[in-house]
1. Kindly indicate which of Leu65, Leu49, Leu105 is of a type in the set (A, V, I, L, M, F, W, C) and surrounded by fewer than 16 Cβ atoms within 10 Å (Cβ to Cβ).
2. Could you tell me whether segment 148-158 includes any residue that is more than 12 Å from the chain's Cα centre (by Cα) and either surrounded by fewer than 17 Cβ atoms within 10 Å (Cβ to Cβ) or in a helix (DSSP H, G or I) (or both)?
3. Filtering segment 25-39 down to residues that are of a type in the set (A, V, I, L, M) and either free of Cβ contacts under 8 Å to residues at least 60 places away in the same chain or more than 17 Å from Val60 (Cβ to Cβ) (or both), which residue is surrounded by the fewest Cβ atoms within 10 Å (Cβ to Cβ)?
4. Test each condition in (1) within 30 Å of Asp137 (Cβ to Cβ); (2) part of a strand (DSSP E or B) for Gly100 and report the one that comes out false.
5. Do the conditions hold for Glu70, that is, is it without any contact (Cβ under 8 Å) to a residue 12 or more places away in the chain and either in a loop (DSSP other than H, G, I, E, B) or under 30 Å from Ile183 (Cβ atoms) (or both)?
6. Quick check on my filter: what residues within segment 36-88 are of a type in the set (Gly, Ala, Ser) and in contact with an Asp or Glu (Cβ under 7 Å, 6 or more places away or on another chain)?
7. Does Gly57 satisfy being touching a Pro at 6+ places or on another chain (Cβ under 6 Å), closer than 20 Å to His150 by Cα and in contact (Cβ under 8 Å) with a residue 24 or more places away in the chain?
8. Looking at Val103, is it among the β-branched types (Val, Ile, Thr) and in contact with a Leu (Cβ under 7 Å, 6 or more places away or on another chain)?
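What follows is calculated from the coordinates using simple rules that are stated; it is not laboratory data. Computed from a predicted model, the values in this text were never measured in an experiment. No Cβ is skipped: glycine too gets one built from the backbone with ideal geometry, and neighbour counts run over all protein chains shown.
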Amino acid sequence: MQKFLPLFPLNLVAFPLEDLNLHIFEQRYRDLINECLDEGKTFGVPVFLDGRMPGFGTEVKIVKLSKKYEDGRMDIRTQGIRAFRILDFQNPVEMKLYSGGVVELLPEPEVSPSVMIGLTQRVATLYEYLQEENTFDVNKPQPYSFQIAHKIGLSQEQEYNLLKMPTEAERQGYLIQHLERLIPILQEVERTKERIKMNGHFKNLDPLKF
């Protein structure tokens, strides 16, 4: 499915069904948001990565106008809907200050898809090493891959790669591979910390027998 979206490029990856709070201060984006509020429209958040816009992003809807300042700035609450690929980029849109484009919408994410046991086990292991509480919920409507994506040490480029993947199974497999690389590094860090703690302490060592 194709549609035209006003576009608000950001140096971050927004995921479908993710809650995203935005502070709007530039005039072009004030215009964009005001139009969306007045007309009940959605807008797109394409990823701006390494000084360029590679082409994928997420369609979002405005959930709430939290605050409007006297000078026109706004705080808004938004939620991601689905990912898209830009087919035709216009900067700016004719007669507008902001950019826009025709996009191809990817399918909306599955609701409460199954989660690979191997992924939840690795996430639990990671959070044990980090000594953080693991509060992710496999029963939430948001796919598990999108729930954890910002919180397991992915780079922005890796998050972008995740956004482009069309299925939850693909995304979960990608995250398992990432954690399989990351966890051994953390294990070695823990072993190094233990060795450092032992350095300089009296050690009860058995004498060697020749």
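1. Details: Leu49 fails: surrounded by fewer than 16 Cβ atoms within 10 Å (Cβ to Cβ); Leu105 fails: surrounded by fewer than 16 Cβ atoms within 10 Å (Cβ to Cβ).
Criteria check complete, one pass: Leu65.
2. Pass one, segment 148-158, residues more than 12 Å from the chain's Cα centre (by Cα): none.
No, segment 148-158 contains no residue that is more than 12 Å from the chain's Cα centre (by Cα) and either surrounded by fewer than 17 Cβ atoms within 10 Å (Cβ to Cβ) or in a helix (DSSP H, G or I) (or both).
3. If we filter segment 25-39 for residues that are of a type in the set (A, V, I, L, M), which is where we start, we get 32-33, 37.
Of the ones still in play, those that are also either free of Cβ contacts under 8 Å to residues at least 60 places away in the same chain or more than 17 Å from Val60 (Cβ to Cβ) (or both) are 33, 37.
Details: Ile33: 23, Leu37: 14.
Per the criteria, the residue is Leu37.
4. (1)
5. On the way: without any contact (Cβ under 8 Å) to a residue 12 or more places away in the chain: yes; either in a loop (DSSP other than H, G, I, E, B) or under 30 Å from Ile183 (Cβ atoms) (or both): yes.
Yes.
6. Start the filter on segment 36-88 by keeping residues that are of a type in the set (Gly, Ala, Ser), which leaves 40, 44, 51, 55, 57, 66, 72, 80, 83.
Gly44, Ser66, Gly80, listed by residue number.
7. Values: touching a Pro at 6+ places or on another chain (Cβ under 6 Å): yes; closer than 20 Å to His150 by Cα: yes; in contact (Cβ under 8 Å) with a residue 24 or more places away in the chain: yes.
So Gly57 fits the description; yes.
8. Details: among the β-branched types (Val, Ile, Thr): yes; in contact with a Leu (Cβ under 7 Å, 6 or more places away or on another chain): yes.
In short, yes.
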